[in-house]
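The values are calculated or read from the model by the stated rules, or taken from the named source; none is laboratory data. From a predicted model like this one, the values you see are computed outputs, not experimental measurements. Cβ: placed from backbone, ideal geometry, glycine included. Neighbour counts: every protein chain shown.
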Amino acid sequence: MMSNLFSIFDPSTNLFNISFNWISTILGIMFIPYSFWLIPNRHFLLWNFILLKLHNEFKTLLKNNYFQGSTFIFISMFSFILFNNFLGLFPYIFTSTSHLTLSLSISLPLWLSFMIYGWLNNSQHMFIHMIPQGTPTILMPFMVLIETISNIIRPGTLAVRLTANMIAGHLLMTLLSGTGPSMPSYFIMILVMIQILLLILESAVAVIQSYVIAILSTLYSSEVN
């Protein structure tokens, strides 16, 4: 019996008080050897196609800030979050992206590095960015305050967006599956169909959330220069 509905997300598998469920975060490394096959397979060709499309899109978003290899960090972040989101859909695999511990560990250092670089190397542009063009003089202090707050909460919004979306879908699937034993047998097939549809929806959410975080991080980096 769960004492708390959210306890299904707790990393409960431990040894000597060390949580081993977090090892699921590095399970994506298992997919890397496919890239080194002598004959490229369909998985390899599809993944290369996706990465090339992402590279071109990030290159366009970075505009004048683009230099060779600058899109690698965003592509790597997209791949890391995508693998963890997908692996969490499999039974008995811990969803690490449903915890703020991981999502904040990704978004906060990235945002902090952008801010440090921008204020040290291009402080004038950072000040100008706080006041949109055409703002009346009387509203300038309020605009600076609003822009400062919106800038500070960016890593939090990135982390909470990913965590909340992962938790919401998993909670819904858990609640529906928990009603199965108490349902009449003729409703079980309907429940299974609903669960399959939810699984497809969660697969789409896993891709969309990793893409959104990578795109927003790229946009934030393009603003500091």
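Mind checking which residues of segment 66-105 are crowded, with 21+ Cβ neighbours inside 10 Å and small (Gly, Ala, Ser)?
Listed by number, the residues that qualify are Ser96, Ser98, Ser103.
Please give the number of the condition Leu89 fails out of (1) at pLDDT 80 or above; (2) assigned to a helix (DSSP H, G or I).
(2)
Take the residues in segment 162-213 that are of a type in the set (S, T, N, Q) and in contact (Cβ under 8 Å) with a residue 24 or more places away in the chain; name whichever of them is farthest from Glu57 (Cα to Cα).
The initial filter retains those residues of segment 162-213 that are of a type in the set (S, T, N, Q), namely 163, 165, 174, 177, 179, 182, 185, 195, 203, 209-210.
From what is left, the residues that are in contact (Cβ under 8 Å) with a residue 24 or more places away in the chain are 163, 165, 174, 203, 209-210.
Working: Thr163: 25, Asn165: 24, Thr174: 36, Ser203: 22, Gln209: 16, Ser210: 15 Å.
Here the answer is Thr174.
Out of all the residues in segment 106-140, which are in a helix (DSSP H, G or I), over 27 Å from the mean Cα position of the chain (by Cα) and surrounded by 13 or more Cβ atoms within 10 Å (Cβ to Cβ)? Steps first, answer last, please.
Within segment 106-140, the first condition is being in a helix (DSSP H, G or I), and the residues that meet it are 106-121, 123-129, 137-140.
If we keep only those that are over 27 Å from the mean Cα position of the chain (by Cα) as well, we get 120-121, 123-125, 127-128, 137-140.
Scanning segment 106-140 gives His125, Met140.
Would you point out the residue of segment 82-130, among those that are of a type in the set (Gly, Ala, Ser) and touching a residue at least 40 places away in the same chain (Cβ under 8 Å), that is farthest from Met166 (Cα to Cα)? Spell out the reasoning first.
Keep residues of segment 82-130 that are of a type in the set (Gly, Ala, Ser), which gives 88, 96, 98, 103, 105, 107, 113, 118, 123.
Adding the requirement that they be touching a residue at least 40 places away in the same chain (Cβ under 8 Å) leaves 88, 96, 98, 103, 107, 118.
Details: Gly88: 9, Ser96: 10, Ser98: 5, Ser103: 11, Ser107: 16, Gly118: 32 Å.
The residue in question is Gly118.
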